[in-house]
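Novice: Let me give you the structure first, and then I'll get to my questions.
The values are calculated or read from the model by the stated rules, or taken from the named source; none is laboratory data. Given the structure is predicted, the values throughout are model-derived calculations rather than measurements. Backbone-built Cβ (ideal geometry, glycine too); neighbour counts: all protein chains shown. Side chains included, ligands, DNA and RNA excluded: accessible areas come from the protein's heavy atoms. Shrake-Rupley method; radii C 1.70, N 1.55, O 1.52, S 1.80 Å.
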Amino acid sequence: MHIPDGFLDPVTAAVCYAVALAFTAYAIYRSRLLASPERITLASLLAAAIFAAQMLNWPLPGGTSLHLVGGALAGILLGPWLGELVIFVVLLIQCLVFGDGGITALGANVLNMAIIDVLVGYAFFRALSGLRGAGRKHWLLGAFLGGWLGITLAGVACGLEIGYSPACPYGVAITVPVMGLWHLALGVIEGIITALVVDYLARRAPNLIVTLAAPAGPEGVA
C-alpha cells in the first residue's frame with residue numbers, strides 16, 4: 001500500500017500532505033493531553049511490532065504493494081490520536097530510512113494507513129464495545145470489523161489517489177478494484193489478528209486498551 005514516488009501528481013500529493021500534516025499536528029496536541037508512561041511504553045512496543053509486520057510486502061499491479069498495516073489495532077489499543085502517531089512514525093522511518101514509500105507520496109500513505117485505517121478501526125470497536133451489555137463477542141466483532149474494513153477502505157483510498165492522478169498510467173477502473181479487492185481479502189487476516197490480540201488483552205490486561213476505558217464526550221475520546 002506504500003505509494004512510491006512518481007505515481008501522484010503534485011496537486012494530489014499536496015492535498016494529501018495538507019490533510020496528513022493537519023491531522024498529525026492535532027494528534028500531537030491531543031496525545032500530549034492524554035499521554036501516560038504506560039501508554040507511551042505500549043505505543044513504543046506496538047510501533048516496533050507494526051514496523052516489522054509492514055516490512056513484509058507483496059507486489060501488486062499499478063506500482064504499489066499488499067501488506068499488513070496494523071492501523072486498526074493501534075487505534076483500538078491507543079485511541080485515534082496516539083494510534084495515528086504510531087503509524088505516522090512507522091511510515092516516516094520506512095520512507096526516509098528504508099525507501100519504502102516515496103517522499104512525495106508520504107502524505108497519501110499517512111492519510112491511508114495512519115488516518116483512515118486507524119479511525120475506521122477505532123470507530124467500529126468503540127461503537128460495538130460501547131453497546132449496552134457489551135462483552136467478549138462485541139469486542140471480537142468490533143476488532144475484526146475494524147481490522148478488516150479499516151485496511152480495505154485504506155486500500156480503496158489508495159486506489160482512488162493513484163487512479164485519479166494523471167501521473168499514474170492506470171485509471172481508477174484498474175487501481176480501485178485491484179487495491180480494494182486484494183485488501184478486502186487480506187483484511188480478513190488482519191481482522192482475525194486484530195481480534196485475537198484485542199481479545200487476549202481484554203481478558204488479561206484490559207487496562208491497556210484505552211478504547212474500553214475511554215469516557216464519553218469530546219474530551220474523553222482516547
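Novice: Rounded to a whole number, what % of the accessible area of the chain do carbon and sulfur atoms account for, probe 1.4 Å? Please report the intermediate quantities before stating the final value.
Specialist: Working: 7270 of 9750 Å².
Carbon with sulfur: 75 percent of the solvent-accessible area.
Novice: If you don't mind, another one. Rounded to the nearest 500, what is the chain's calculated 222 nm mean residue ellipticity when only DSSP H runs of at least 4 contribute -39500 (n - 2.57) each, over all residues? The partial results should precede the final answer.
Specialist: Details: 9 runs with 153 residues, N = 222.
Using -39500 (n - 2.57) per qualifying helix, the result is -23000 deg cm²/dmol.
Novice: Now for a separate question. Using a 1.4 angstrom probe, figure out how much accessible area the chain has per residue, in square angstrom, rounded to the nearest whole. Intermediate values should be presented prior to the final figure.
Specialist: Numbers: 9750 Å² over 222 residues.
Per-residue value: 44 Å².
Novice: Also, quick follow-up: For residue 5, enumerate residues with amide H under 5 Å from its amide H, sequence gap 5+ or separate chain, H modeled in the peptide plane.
Specialist: 102, 103
Novice: Same structure, new question: Provide 30, 204 ordered by accessible surface of protein heavy atoms (probe 1.4 Å), highest first.
Specialist: On the way: 30 15, 204 160 Å².
Correct descending sequence by accessible area is 204, 30.
Novice: Further question on the same structure: About its Cα centre, how strong a charge dipole does the chain have in debye, to the nearest 20, once Lys and Arg get +1 and Asp and Glu get -1 at the Cβ?
Specialist: Values: 9 positive and 10 negative charges, 168 e Å.
Once rounded to the nearest 20, the dipole reads 800 debye.
Novice: Give me the three principal axis extents of the chain from the C-alpha atoms, as integers in angstrom, largest value leading.
Specialist: Sorted largest first, the three principal extents are 50, 33, 29 Å.
Novice: Under a GNM of the chain (C-alpha, springs under 10 Å), which listed residue has the highest mean-square fluctuation: 85, 45, 111?
Specialist: Most flexible of the set in this elastic network: 45.
Novice: Calculated FRET efficiency, residue 207 and residue 25, Cβ-Cβ r, R0 35 Å, to nearest 0.05? Working shown, then result.
Specialist: Working: r = 29 Å, r/R0 = 0.82.
Between residue 207 and residue 25 the formula returns 0.75.
Novice: For residue 200, what accessible area in Å² do you get when you roll a 1.4 Å probe over the heavy atoms of the protein chains, rounding to the nearest 10?
Specialist: 120 Å²
Novice: Same structure, new question: What does the charge add up to near residue 82, with Lys and Arg as +1, Asp and Glu as -1, over the other residues with Cβ less than 9 Å from its Cβ?
Specialist: Working: positive: 30, 39; negative: 84.
Charge balance in the 9 Å sphere: +1.
Novice: Okay, moving on. Using a Gaussian network model of the chain whose springs link C-alpha atoms within less than 10 Å, name the residue from 11, 86, 118 with the highest mean-square fluctuation.
Specialist: Taking springs between Cα atoms under 10 Å, the residue moving most is 11.
Novice: Just to confirm my numbers, what's the Cα centroid distance between segment 190-204 and segment 1-57 in Å?
Specialist: When both Cα centres are located, 22 Å separates them.
Novice: Now a separate question. Using the Karplus equation 6.51 cos²θ - 1.76 cosθ + 1.60 (θ = phi - 60°), what ³J(HN,Hα) coupling, rounded to whole Hz, does each residue of segment 168-179 give in order, writing x for Gly and Pro?
Specialist: Calculated HN-Hα couplings, in order: 8, x, 10, x, 5, 4, 9, 5, 5, x, 4, 5 Hz.
Novice: Another question, then. HN-Hα J couplings of segment 122-130 from phi, Karplus 6.51/-1.76/1.60, θ = phi - 60°, integer Hz, Gly and Pro as x?
Specialist: For segment 122-130, the Karplus curve yields 4, 5, 5, 5, 4, 5, 7, 6, x Hz.
Novice: Return the single residue from 175, 104, 41 with maximal mean-square fluctuation; model: Gaussian network over the chain, springs between Cα atoms under 10 Å.
Specialist: Among 175, 104, 41, the largest GNM mean-square fluctuation belongs to 41.
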